[in-house]
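Peer 1: Dropping the structure in here first, questions after.
Quick note: the coordinates plus some simple rules give every number you see, no bench work behind them. Keep in mind that this is a model prediction, so the values were computed, not measured. All Cβ positions, even for glycine, are placed from backbone atoms using ideal geometry, and neighbour counts span all protein chains on display.
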Ligand code: SF4
């Protein structure tokens, strides 16, 4: 079979973008990828002089690619610093913090690791033992979000960078629609007391391109699968969306665009935030981590 050539330079292509109709070689793929991530940063004013950016790094493809990209982008900026944060949820046979540690070390980036066990006194496996595995991802997501914010603040981060890609964001918007969660759809994320501003440079980049970028640049990222991932509502939504997007390639962009437009028309999150009297972390409505942990402790008795 003859090689497919790059639409820009006629070298051998490594990627076909269905949504743009372009075949891209390695060089043009990397240029295109990094231009999109930089555009997202400029559009949202996500990086400024004086920033100390905490990068949430699980060791998987998205967060490892993000750490590599930000270190490349900011390596000459003496006025901006980066550090990596890894959360050990306590999932036997899955989370191995040494993977993220080694990636950060190779890039010369400071790395902080904290665990559910140290901070909440319980691992995710223990929570599953008490509560069953049906809500494993809800517990994991709620506790991890709070902990990564806590660790970012403790380490004086001004921004918290997440490896969310286009697929993740489109799935989140669709999940909120399917749950009928208008509050979340209308929630405008911005600076708020106690909440480190989150940035998502890969917001407009499809998951498969982030995976390719990671494969080209990061050695030894984690390709393991969480033993609880079959429980996630997200897995159903991912399959549904991938299937639909195969026939309608612009769908994920449309969903992300919808999410941004609804948020812009909604209320700034800062107006609804309260600080929890128990843990000191910000919340809206109720402090879900504290409520969930007290339920687990109650069931353990
Ligand atoms: Fe946590 Fe669920 Fe992700 Fe596993 S699949 S790491 S339990 S959110």
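Peer 1: What angle, in degrees between 0 and 90 and rounded to the nearest 10, separates the Cα long axis of helix 288-300 from the longest principal axis of the Cα atoms of the chain?
Peer 2: That helix lies at roughly 60 degrees to the long axis.
Peer 1: For the stretch 31-133, I need the span (max minus min coordinate) of the C-alpha atoms along each principal axis, in Å, sorted largest to smallest.
Peer 2: Between the extreme Cα coordinates on each principal axis of the stretch 31-133 lie 46, 23, 22 Å.
Peer 1: When only alpha-carbon atoms count, how far does the stretch 198-301 stretch along each of its three principal axes, as whole angstroms with the largest first?
Peer 2: Ordered largest first, the stretch 198-301 gives principal extents of 47, 38, 29 Å.
Peer 1: Within a 10 angstrom radius of the beta carbon, how do 46, 246 rank from fewest other beta carbons to most?
Peer 2: Going from least to most buried by this count: 246, 46.
Peer 1: Before anything else, pin down the relative contact order of the stretch 110-206: Cα pairs under 8 Å, at least 6 apart, normalised by residue count, whole percent.
Peer 2: Once divided by the residue count of the stretch 110-206, the mean separation gives 30 percent.
Peer 1: Follow-up question, since we're still on this one. Below 8 Å, C-alpha to C-alpha, sequence gap of six or more: please give me the relative contact order for the chain in percent.
Peer 2: With pairs under 8 Å counted, the relative contact order is 21 percent.
Peer 1: Kindly express, to the nearest 10 degrees and within the range 0 to 90, the angle between helix 61-74's C-alpha long axis and the longest C-alpha principal axis of the chain.
Peer 2: 70 degrees
Peer 1: Taking the stretch 1-54, how much of its Cα-Cα pair set, in percent, is spaced more than 18 angstrom apart?
Peer 2: Counting every Cα pair in the stretch 1-54, those more than 18 Å apart make up 46 percent.
Peer 1: Would you mind calculating the relative contact order of the stretch 146-254 from Cα pairs under 8 angstrom and at least 6 residues apart, reporting the percent as a whole number?
Peer 2: Value for the stretch 146-254: 35 percent.
Peer 1: Hey, another quick one. Just want the ordering: 273, 91, from fewest to most Cβ atoms lying within 10 Å of their own Cβ.
Peer 2: Fewest to most other Cβ atoms nearby, the residues stand as 273, 91.
Peer 1: Now for a separate question. Arrange the following residues from fewest to most other Cβ atoms within 10 Å of their Cβ: 219, 260, 105.
Peer 2: 219, 105, 260
Peer 1: When the Kirkwood hydrodynamic radius is evaluated over all pairs of different C-alpha atoms of the chain, what value in angstrom, to one decimal, is obtained?
Peer 2: One decimal place: 20.5 Å for the Kirkwood radius.
Peer 1: Contour minus end-to-end for residue 4 and residue 279, with contour as 0.36 nm per residue of separation and end-to-end as the Cα-Cα distance?
Peer 2: Between residue 4 and residue 279, full extension yields an extra 93.4 nm.
Peer 1: For helix 233-247, what angle does its Cα long axis make with the longest principal axis of the chain, in degrees from 0 to 90 and rounded to 10?
Peer 2: For 233-247 against the chain, the angle is about 20 degrees.
Peer 1: Would you calculate, for the chain, the mean residue ellipticity at 222 nm contributed by helices, counting each DSSP H stretch of 4 or more residues as -39,500 (n - 2.57) and dividing by all residues, to the nearest 500?
Peer 2: -15500 deg cm²/dmol
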